[in-house]
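Nothing in this text is a laboratory measurement; each read-out follows from the coordinates by a stated rule. Since this is a predicted model, take the numbers as computed values, not measurements. All Cβ positions, even for glycine, are placed from backbone atoms using ideal geometry, and neighbour counts span all protein chains on display.
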Amino acid sequence: MARPLRVNEQIRIRSVRVIDDNGEQLGVMPTEEALSRARTAGLDLIEISPNAQPPVCKIGDFGRLKYEQAKKDKDARKKQRHVDLREVKLRPKIEQHDYETKARMAERLLLDGSKIKVTIMFRGREITYQGFGKRLLDRMVEDMMPLALLEREPKLEGRNMFMILAPRATPTGPPKYSSMKEHERAQPPAPTADAEQTKESTDHAKDSNPPRNGEASKDNRDRESDAPTPV
């Protein structure tokens, strides 16, 4: 924690280097004289560099200086983003569907601002096939490239191989797997074979239904009117 600034009578050194409220260097002078100048201007004598030889003091408004410093500290804290480290675990022989699920999870974490530790877990004799794990991590790096940067290269520790990805400040493109999933949800379902069969059966039933009585009488009258008149 920074040491509180000494001001006015708290400054007990014999002489100081003085800067006025306009930033002009006034040179080295006795502390009493510097304090008198500050009081005459209705301001304070503030020690801003206590370790200098001699210490540097500024004539200014101490209350305003404290307010501005507090505001700067607050703004700095806002800009400091706390980054969590989350882990995504994979097996070296992972199915495509499971890989896509893990990739979507990684994308969501990166978009939330978290770093991710991608870990390949080897079991038993799988440890002899480290190349599978390395290729899987390389694939994840490529898939996450629009959202992440490789912060730590793949490394083997015990029976696990891992790497760390950090979120980009500004993504260079959309997430690959989350976008694909949303696209699939937006597509209408394709008609099934059962639905096609039902439609064909309905059409066939319409064609095979016999005409109603009114329709049959009308057809008979039409045929009689078309028949030749006997001579």
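Bridges between two residues of the stretch 8-74, per DSSP, are antiparallel at a rate of about 75%.
Over the stretch 8-74, the hull volume per residue, using the convex hull of the C-alpha atoms, is 88 Å³.
Could you give the alpha-carbon Rg of the stretch 77-123 over 2.2 N^0.38 Å, rounded to two decimals? Could the numbers behind the result be given before it?
Numbers: Rg = 13.2 Å, N = 47, 2.2 N^0.38 = 9.5 Å.
Taking N as the residue count of the stretch 77-123, the ratio is 1.39.
Listed values for the stretch 35-50 are Karplus-derived 3J(HN,Hα) couplings in whole Hz (6.51 cos²θ - 1.76 cosθ + 1.60, θ = phi - 60°), namely 5, 5, 4, 4, 5, 4, 7, x, 10, 10, 9, 10, 7, 9, 9, x, and x replaces Gly and Pro.
Taking label positions 7 Å along the Cα-Cβ direction at both ILE127 and THR170, the computed distance is 4.6 nm, reported to one decimal.
Available extension along the chain between VAL83 and ASP61 is 4.1 nm, counting 0.36 nm per residue and deducting the alpha carbon span. Put simply, the amide H of VAL88, placed in the peptide plane, has neighbours under 5 Å in LYS117, VAL118, THR119, leaving out anything fewer than 5 places away on its chain. Of all DSSP bridge pairs formed entirely within the stretch 1-152, close to 55 percent run antiparallel. Relative contact order of the stretch 85-184: 30 percent, from C-alpha pairs under 8 Å at least 6 residues apart in sequence. The gain in end-to-end length when the THR101 to GLU33 segment is fully stretched comes to 17.1 nm, 0.36 nm per residue minus the alpha carbon separation. Amide H contacts of ILE48 (H built 1.01 Å from N, in plane; Pro and chain starts excluded): VAL56, CYS57, LYS58 sit under 5 Å, all sequence-distant by 5 or more or on other chains. Distances between placed amide hydrogens fall under 5 Å for VAL16 paired with MET29, THR31, all partners being 5 or more residues away or on another chain.
FRET efficiency for LYS134 and ASP75, Cβ-Cβ distance as r, R0 = 35 Å, nearest 0.05? Mind dumping the intermediate values first?
Values: r = 43 Å, r/R0 = 1.24.
After rounding, the FRET efficiency stands at 0.20.
Of all DSSP beta bridges in the stretch 85-184, what percent run antiparallel (nearest 5)?
That works out to approximately 70 percent antiparallel.
Where in the stretch 73-102 is the amide nitrogen less than 14 Å from a point lying 7 Å along the Cα-to-Cβ axis of ARG159? Residues 91-92 qualify, since their backbone N sits under 14 Å from the label point.
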